[in-house]
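Written out below as structure tokens is the structure these notes cover.
The values are calculated or read from the model by the stated rules, or taken from the named source; none is laboratory data. All figures in this text were calculated on a predicted structure; none of them were measured in a lab. Cβ sites come from the backbone with ideal geometry, for glycine too, and all protein chains shown count toward neighbours.
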Amino acid sequence: MDAKDILGLPKHALPIQEKKSKPPKESQRKPEGISREVYALTGGLAPLMPAIDVNQLKRKAQAQNEKITWQWLPFTNSARKDSLQLYHWVRVVNGIPPTGDYSFAKYNKSVDVIKYTDEEYEKYLTDPAWTKEETDQLFDLCERFDLRFIVIADRLPSSKTVEELKDRYYSVSRTILSARAASPGEVANHPIVKEPYNASQETERKRALSLLLSHTKQQERKDVEVLAQAKRITEARKTIKASQQPEVPVISDVEALGVDKDIISAETVPPSTSSQFPSTITSPVSETASVMASLRMLRVYLRTYALEQMVQAASSSAGLRTIKRVEQTLQDLGVNLKPKVPTKAVCAEHLELRKEILTLLNLQKQLQNKEAEGSSFRDGSYTETPGTPPKQQALRAADLDRTFTPDSISIGGERFGKREQKRKGGPGRLSEAPSSPAQSKRPRKYKASD
């Protein structure tokens, strides 16, 4: 017995299956005009839709007779005054080198420095702190270094600061422009005349900047805390000031919304009337003042935004159901919830209408309450609750439950009867009353020991 007998395999060898050779794939040649990457992705299949219109492609000019070469040729730069000649590679077509100025010469920009004559200097530009030689040297360096005053201060032999150099240059230029102009209006819009240089302000700015940059992290944290505390104090003062101001002047800033009329009308309501429905007729002055304080902090806001805030403040004391009824009333009247043209008069009338509708709804509610009270007083001075028997039936039940008491029994007897009633559980039973029949007792269970 061998392994084949154990495994149950036949003893003769299995026929060897020959592998079928796959037919060789036909190699496709990459067509011209398609890159190798695109051909590898698409397999040479054309897209279903063209990615771009062929007519939109810019065709290159057919230059069959052009011969392009690159040559090492000399060139000059017009930006240089020394006529320096350098060399670079140039694209030459058909042996004709390109002509014209150097292509990068257009980026050479220079500052137009104002020049003055000796007569103008003697007449307008004399300054005890500056001599003519120093001024001439300053203007020469300004023209040479394109107003780079840091470099100019380094080149100038005098020990003047950068701010002094700027002040001298701009003051001389401004004076020459004003002297040469026929009228001041001709040079009024010139930058040097329109925005004069202030040396003291520039010095203070640099000093503050250096002081700020020299702060340590601990000083920066302290400054942040001080600024935050100052902001809190300012906001608290604004809130206190807004709450302490009188009511009418506080609202006077938004007379366009007609809020002053609301507050005045609320103040003129008699005390008896306001006590009946204080929830809506009394205007919420505190909330209005807070809204006005927030609007003042904004400084710039839309009238529609202010109207929305004032409407919310006016209806804050009313419930959600009352607000919906006000909006439903406005829709029934054909009035938009938000004015389409929110002018001053329209916003004032809109708020006045909302106030009147709110007052009307509260009056209707008060009327319903009064009518309900009147009907209850007409029916009786008490309110019957569900489950309470009528008055006559209650009296009859009391008479039936009452136990006969002899006249000879005094007040003490009544007390005794009550105690007995409480002790025995029967209503109004006395000691002379017959006892109730004996109740059946449960049989006693005997134990095994008995």
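Mind checking whether some residue in the range 343-355 is within 30 Å of K241 (Cα to Cα), at pLDDT below 80, within 41 Å of the chain's Cα centre (by Cα) and surrounded by fewer than 13 Cβ atoms within 10 Å (Cβ to Cβ)?
No, the range 343-355 contains no residue that is within 30 Å of K241 (Cα to Cα), at pLDDT below 80, within 41 Å of the chain's Cα centre (by Cα) and surrounded by fewer than 13 Cβ atoms within 10 Å (Cβ to Cβ).
Just to verify a result, which residue in the range 210-236, among those that are part of a helix (DSSP H, G or I) and hydroxyl-bearing (S, T, Y), is farthest from R296 (Cα to Cα)?
S210
Could you tell me which of the residues K355, K338, K365, K344 is farther than 20 Å from A306 by Cα, of a type outside the set (S, T, Y) and assigned by TED's automatic domain parsing to the domain that holds A306?
One residue alone meets the criteria, K365.
Determine, yes or no, whether S35 is modelled with pLDDT under 85 and either touching a strand residue (DSSP E or B) at 6+ places or on another chain (Cβ under 6 Å) or not aliphatic (A, V, I, L, M) (or both).
The answer is yes for S35.
Determine whether V90 is surrounded by 10 or more Cβ atoms within 10 Å (Cβ to Cβ), assigned to a loop (DSSP other than H, G, I, E, B) and free of Cβ contacts under 8 Å to residues at least 60 places away in the same chain.
No; evaluated as a whole, the condition is false for this residue.
If you take just the helices (runs of 4 or more DSSP H) that sit entirely in the range 132-197, which of them hold at least 3 residues that are over 25 Å from D118 (Cβ atoms), free of Cβ contacts under 8 Å to residues at least 40 places away in the same chain and not small (G, A, S)?
149-155
Considering each of E204, E195 in turn, give the residue that is surrounded by fewer than 10 Cβ atoms within 10 Å (Cβ to Cβ), assigned by TED's automatic domain parsing to the domain that holds E164 and not aromatic (F, W, Y).
That would be E195, the only listed residue that is surrounded by fewer than 10 Cβ atoms within 10 Å (Cβ to Cβ), assigned by TED's automatic domain parsing to the domain that holds E164 and not aromatic (F, W, Y).
For the range 275-286, state whether one or more residues are under 17 Å from L363 (Cα atoms) and either at pLDDT 65 or above or not in a loop (DSSP other than H, G, I, E, B) (or both).
Yes, because at least one residue in the range 275-286 is under 17 Å from L363 (Cα atoms) and either at pLDDT 65 or above or not in a loop (DSSP other than H, G, I, E, B) (or both).
Within the range 122-146, restricting attention to residues that are surrounded by 14 or more Cβ atoms within 10 Å (Cβ to Cβ) and aliphatic (A, V, I, L, M), which residue is nearest to Y169 (Cα to Cα)?
Taking the candidates together, the pick is L138.
Considering only residues that are among the aliphatic types (A, V, I, L, M) and surrounded by 18 or more Cβ atoms within 10 Å (Cβ to Cβ), which ones fall in the range 148-169?
Scanning the range 148-169 gives I152, A153, L165.
If you take the residues of the range 162-193 that are β-branched (V, I, T) and within 21 Å of T126 (Cβ to Cβ), which of them is farthest from the chain's Cα centre (by Cα)?
Selected residue: I176.
Please work out which one of (1) in the same structural domain as I176 (by TED's automatic domain parsing); (2) touching a residue at least 12 places away in the same chain (Cβ under 8 Å) is the condition E122 fails and give its number.
All conditions pass for E122, except number (2).
Just need a number here: residues in the range 188-227 that are of a type in the set (A, V, I, L, M) and within 19 Å of S171 (Cβ to Cβ).
So the answer is 4.
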